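Below is one structure, written out as structure tokens; the observations come after it.
The values are calculated or read from the model by the stated rules, or taken from the named source; none is laboratory data. Everything numeric in this text was worked out from a predicted model, so none of it was measured. Positions of Cβ are backbone-derived with ideal geometry, glycine not excepted, and every protein chain shown enters the neighbour counts.
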Amino acid sequence: MRVLDLGCGSGRESIRWGVTASDEVIGIDIDESRVAVARERFPERTYLHGAGESLPFANETFDRVVSSLALPYMNIQKALAEIHRVLVPGGSVSLSLHLPSFTLSEFLHPSIPLMKATLFRLYVMANGIWFHCSGRTFVLLGKTESFQTKRGMKIALTRAGFSHFSFTRAPAPRGGKLVVEARKSTF
């Protein structure tokens, strides 16, 4: 199976998604230093520097895309369109995402009383609310960050052409995470 690990970081998270040694894994991350660590840790895999909003792969290249807590830092609608493009018909996507409780925790603890951090966390909260209502995010000063909800993800996934959604909550530091599974249509 050909698997894209989107926002791969140091490469460790793919194991949590059930990716095995027999899978052909390609990882991509925006952080060049984390890509270097992944290359050292897993020399049998391919790791590239790049962004989820403009994947450097041909159409219908992967059977599965996995992503652990990376999508919240992307322009979600662009990233989902790219994921859909690189998946084969019937291919699946598995995502873990930030719940509103994570953003609230980030707002209450690390940012207050720092004005710049507080203002950024308010933007993240507003972007998360906008995502919940519209399934879209907006960019502020070149950055995109938001929390995700089941409702917002249903809207965004449907718009991008995915179906057969499943949503579960999983434990994680600062309030848990939302785990999303979906499929690309076969037609």
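Hey, can you tell me all the residues within region 31-55 that are under 22 Å from Lys78 (Cβ atoms) and either in contact (Cβ under 8 Å) with a residue 24 or more places away in the chain or in a strand (DSSP E or B) (or both)? Across region 31-55, the qualifying residues are Arg34, Val35, Tyr47, Leu48, His49, Gly52, Glu53, Ser54, Leu55. Of the candidates Ser146, Ser163, Ser101, the single residue that is hydroxyl-bearing (Ser, Thr, Tyr) and modelled with pLDDT of 95 or more is Ser163. Considering region 145-187, the residues that are in contact with a helix residue (DSSP H, G or I) (Cβ under 7 Å, 6 or more places away or on another chain) and polar (S, T, N, Q) include one that is surrounded by the most Cβ atoms within 10 Å (Cβ to Cβ), namely Ser146. Of the residues making up region 47-67, just one is touching a strand residue (DSSP E or B) at 6+ places or on another chain (Cβ under 6 Å), surrounded by fewer than 22 Cβ atoms within 10 Å (Cβ to Cβ) and of a type in the set (Gly, Ala, Ser), namely Gly50. Highlighted here are the helices (runs of 4 or more DSSP H) found entirely within region 56-150 that include at least 1 residues which are under 24 Å from Thr168 (Cβ atoms) and touching a Ser or Thr at 6+ places or on another chain (Cβ under 6 Å): 76-86, 115-134.
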